[in-house]
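Engineer: Can you keep this structure in mind? I'll have questions shortly.
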Ligand code: FES
């Protein structure tokens with residue numbers, strides 16, 4: 001699963017760095033618990049600006065893209081939930 005976290009200024013200001021930290025922790029948890037989770041590698045990438053904040057006047061930051069699907073106003077909780085739901089056995 002590919003997870004891109006925007007660390008551009010708008011998204012970083014609204015907490016994307018802490019989402020990134022928590023994703024690293026989640027990656028460790030998943031890799032150590034093969035009984036609960038599918039054997040799927042979590043590829044986490046920090047990207048400078050994904051461009052979504054410039055496409056609209058709406059407040060979309062922080063933006064996280066999971067397998068090509070953008071999540072706007074992402075929080076650690078919504079991102080973790082989405083990932084865990086996808087890879088839980
Ligand atoms: S800074 Fe995150 S989408 Fe632009």
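Engineer: To check you understand DSSP bridge types, tell me what percent of the beta bridges within region 2-87 (both residues inside) are antiparallel, rounded to 5.
Structural biologist: 55 percent
Engineer: Right, here's the next one. When the helix-only estimate is applied to the chain (DSSP H runs of n ≥ 4, each -39,500 (n - 2.57), divided by the residue count), what is the mean residue ellipticity at 222 nm, nearest 500 deg cm²/dmol?
Structural biologist: Calculated from helices alone, the mean residue ellipticity at 222 nm is -12500 deg cm²/dmol.
Engineer: Take the alpha carbon gyration tensor of the chain, find the square roots of its eigenvalues, order them as a ≥ b ≥ c, and report rounded if a/c is under 1.5; if not, report prolate when a/b exceeds b/c, else oblate.
Structural biologist: Since a/c reaches 1.5 and a/b is larger than b/c, the shape of the chain is classed as prolate.
Engineer: Between residue 81 and residue 38, what FRET efficiency comes out of the Förster formula 1/(1 + (r/R0)^6) with R0 = 22 Å and r the beta carbon distance, rounded to 0.05?
Structural biologist: 0.85
Engineer: Using only alpha carbon pairs under 8 Å that are at least six residues apart, calculate the relative contact order of the chain and give it in whole percent.
Structural biologist: Once normalised by length, the contact order is 41 percent.
Engineer: Say a paramagnetic label sat at a point 7 Å from the Cα of residue 72, along Cα to Cβ; which residues of region 1-32 have their backbone N under 15 Å from it?
Structural biologist: Backbone N within reach: 11.
Engineer: While we're here: Could you order the peptides 61-71, 78-88, 34-44 from most to least packed, using the average number of other C-beta atoms within 10 Å per residue?
Structural biologist: 61-71, 78-88, 34-44
Engineer: In addition: Hey, what angle do you get for helix 16-32 against the long axis of the chain, alpha-carbon based, 0 to 90 degrees rounded to 10?
Structural biologist: Its long axis makes an angle of about 10 degrees.
Engineer: Once R0 is set to 22 Å, what does the formula 1/(1 + (r/R0)^6) return for the Cβ-Cβ distance between residue 89 and residue 45, expressed as a FRET efficiency to the nearest 0.05?
Structural biologist: Efficiency at R0 = 22 Å is approximately 0.30.
Engineer: Measuring from label point to label point, each 7 Å out along Cα→Cβ, what is the residue 29 to residue 56 span in nm?
Structural biologist: It is 2.8 nm.
Quick note: the coordinates plus some simple rules give every number you see, no bench work behind them. Keep in mind that what you see is a predicted model, and the values were worked out from it rather than measured. Every residue, glycine among them, receives a Cβ derived from its backbone with ideal geometry; neighbour counts consider all protein chains shown.
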